Ligand SMILES: [Zn+2]
């Protein structure tokens, strides 16, 4: 039961994903962001340079702008702009190339997506990237990301990408990070504050653990499974974790994966200290470094591909680490959540028609019915075949966006098993 309740908390807190309209014609190549957050005033000022491709005939381009106020837009082919109800519409003149670059200066007091705590003197991002950076927030649009953060000297800074420079000036430090692979904007993030830090190595990879309330020794205990987890997911995915760092931060009230790091609810650390087998949320968020961040649902309608996989993988890790009984307990707890949803008459196909205003049961479905369905799939095609197929799927679609049919076809290609009936029964239809 404990696992169920903890995991239920996970989905409740993990995000508020907003349904993004598809922008198939807009393809962002890179974001270069300069951002100065002010924790006391819960205020940011920023400037983002967006390089993108769009049809040459298109006479405008739209980005999401949250509650941000636009100061200035500059760039080639610019005619004018209008910022209204969270959408920045920029008028463009005729162009010879698809590629265009614009720089947008903005400021604001984000109410979501970037959370400030002036008492504890920290700030951190949780999804809803457009609340702190003008962007195309479709999960299907992968882009390179650079962030330059200007923060008070003495504060710790964690961000997506690799730290490339650190410039001290006038009591401030400018930290620059560069992410050298494309990922969707919802995976970009940062956290700043006065944190205690613990570190260990897994080969060349630095594993960094941060919190305000836990001692160095406690951090090392809370996150002690991390090296084994990374090795396990590397083996199960067929892909090495090839970023220079993986950071985990115990902070606030949220669970969220970001590119190269995760945040975990501050009080979760206590739970792990009390029960050494309580690792589900650490493994869930870590699993997203493969399934979610690097193999990503193209639209939120296929969100189960991110979340069912991460939820299933935390059970698979428990099986590897603590035995089959724990795995089956986890799967049973997922099934119980699903039974409750069915009982309330809220069962739906895992592929959603729209994900514009998902209910609590909708979210639970993609996590727990989804993970249960992956277990059934494993039972159907057999252990070795299943894991070979998971590796085949992950390697084939690494750093790409996927829909459910990509997943089904990869599994079929690898296993040689026709899965159309299984997917029709368990994934596309709601009656099982
Ligand atoms: Zn997740």
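With at pLDDT below 95 and either part of a helix (DSSP H, G or I) or closer than 27 Å to residue 324 by Cα (or both) as the only criterion, which of 432, 356, 414 stands out?
Being at pLDDT below 95 and either part of a helix (DSSP H, G or I) or closer than 27 Å to residue 324 by Cα (or both) holds for just one of 432, 356, 414, which is 432.
Of all residues being free of Cβ contacts under 8 Å to residues at least 60 places away in the same chain and in contact with a helix residue (DSSP H, G or I) (Cβ under 8 Å, 6 or more places away or on another chain) in the range 223-234, which is farthest from residue 267 (Cα to Cα)? Just the residue, please.
It comes out as 230.
Test of understanding: among 270, 204, 265, which residue is within 30 Å of residue 131 (Cα to Cα) and either touching a helix residue (DSSP H, G or I) at 6+ places or on another chain (Cβ under 7 Å) or surrounded by fewer than 23 Cβ atoms within 10 Å (Cβ to Cβ) (or both)?
Only one candidate passes the filter, namely 265.
Restricting to the range 235-260, name every residue that is in contact with a helix residue (DSSP H, G or I) (Cβ under 7 Å, 6 or more places away or on another chain) and without any contact (Cβ under 8 Å) to a residue 40 or more places away in the chain.
Answer for the range 235-260, where residues must be in contact with a helix residue (DSSP H, G or I) (Cβ under 7 Å, 6 or more places away or on another chain) and without any contact (Cβ under 8 Å) to a residue 40 or more places away in the chain: just 240.
Have a look at 283, 299, 333, 356 and point out the one that is more than 14 Å from the ligand (Cβ to nearest atom) and within 14 Å of the chain's Cα centre (by Cα).
Answer to the selection: 299.
Condition first: at pLDDT below 95 and on the phi > 0 side of the Ramachandran plot. Now tell me which residues in the range 232-251 satisfy that.
Within the range 232-251, no residue meets the criteria.
Kindly indicate whether any position in the range 245-253 is surrounded by fewer than 19 Cβ atoms within 10 Å (Cβ to Cβ) and within 16 Å of the ligand (Cβ to nearest atom).
yes
Are there any strands (runs of 3 or more DSSP E) wholly within the range 57-152 with 2 or more residues that are in contact with a helix residue (DSSP H, G or I) (Cβ under 9 Å, 6 or more places away or on another chain) and closer than 29 Å to residue 193 by Cβ, and if so which?
Because the criterion is at least 2 residues that are in contact with a helix residue (DSSP H, G or I) (Cβ under 9 Å, 6 or more places away or on another chain) and closer than 29 Å to residue 193 by Cβ, the strands (runs of 3 or more DSSP E) in the range 57-152 that meet it are 60-64, 142-152.
Restricting to the range 169-197, name every residue that is more than 23 Å from the chain's Cα centre (by Cα) and more than 18 Å from residue 114 (Cα to Cα).
169, 170, 171, 172, 173, 174, 196
Suppose the filter is touching a helix residue (DSSP H, G or I) at 6+ places or on another chain (Cβ under 9 Å) and over 30 Å from residue 389 (Cβ atoms); does residue 214 pass it?
Criteria met by residue 214.
So which pairs qualify, if the first residue must be in the range 40-53 and outside the structural domain of residue 100 (by TED's automatic domain parsing), the second must be surrounded by fewer than 17 Cβ atoms within 10 Å (Cβ to Cβ) and not in a loop (DSSP other than H, G, I, E, B), the Cβ gap must be under 8 Å, and the two must be at least 6 apart or on different chains?
Pairs found: none.
The values are calculated or read from the model by the stated rules, or taken from the named source; none is laboratory data. The structure presented is a predicted model; accordingly, all values stated were derived computationally and were not measured. Please note: Cβ atoms are built from the backbone with ideal geometry, for glycine as well, and neighbour counts cover all protein chains shown.
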